[in-house]
Ligand code: HEC
């Protein structure tokens, strides 16, 4: 009896150990037989319907989920005011806006006040409160050789409303676009306020304004 057998015999009688070993030898089966047993087992699994036990709801949830095909149900009704029905602007290039876009609003004190508020918040940092191109952050652009335009004199003053409207919407090379930040009416309010600033600038300095 080797040492291992001795150890085992303490807990298990050596007769049992020998029996276990010999029975292991007996149950040893060949490879093809094993394969056959597995296939037979699977067939039995399917035939006896034991397969159904596999289909817990969680395993087929994703197949049974509600599938809604496009246009199967009518679109949700949008909350009021979601779509521009009165003053929304159609898709237009800057060139088209320059020629076709016309201000539908009146320069009422409210509209001008709103235009001033938008201009002071969004435009004045670069263009300056008077739109003369000297806003508080203009020096940062100048450091890179960029100059926010003076909007109250020269070329800009004579550009059509539609161009300014389209420029605010699209932005420029070094100017942000405000298509998503201002709606159509707000852009027109800014245009009207800018016209007011231009008129004030020409009154204040008629000589430079005509340059
Ligand atoms: C980050 C700085 C910056 C801000 C903010 C900004 N601009 Fe400009 N803007 C510029 C620069 C720089 C130009 C010169 C063209 C270019 O580089 O896009 C310009 C050009 C323009 C022009 C074209 C002028 C021309 O003669 O062609 C208009 C109009 C204009 N800006 C209006 C506005 C208005 C209105 C706002 C606010 C809604 C605004 N800008 C906000 C920097 C700015």
Can you find even one residue in segment 108-115 that is at pLDDT 95 or above and either within 11 Å of the ligand (Cβ to nearest atom) or closer than 23 Å to residue 174 by Cβ (or both)? yes
When restricted to 174, 139, the only residue without any contact (Cβ under 8 Å) to a residue 60 or more places away in the chain and near the ligand (Cβ under 7 Å from one of its atoms) is 174
In segment 129-141, is there at least one residue being in contact with a helix residue (DSSP H, G or I) (Cβ under 9 Å, 6 or more places away or on another chain), modelled with pLDDT under 95 and farther than 27 Å from residue 201 by Cβ? no
Give the residues of segment 122-136 that are near the ligand (Cβ under 7 Å from one of its atoms) and either without any contact (Cβ under 8 Å) to a residue 24 or more places away in the chain or in a loop (DSSP other than H, G, I, E, B) (or both), sorted by residue number. 125
Closer than 23 Å to residue 201 by Cβ, within 11 Å of the ligand (Cβ to nearest atom), free of Cβ contacts under 8 Å to residues at least 24 places away in the same chain and not in a helix (DSSP H, G or I), is that true of residue 149? yes
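The values are calculated or read from the model by the stated rules, or taken from the named source; none is laboratory data. Note that the structure is a prediction, hence the values are computed from the model and not measured. All Cβ positions, glycine included, derive from the backbone under ideal geometry; neighbour counts span all protein chains shown.
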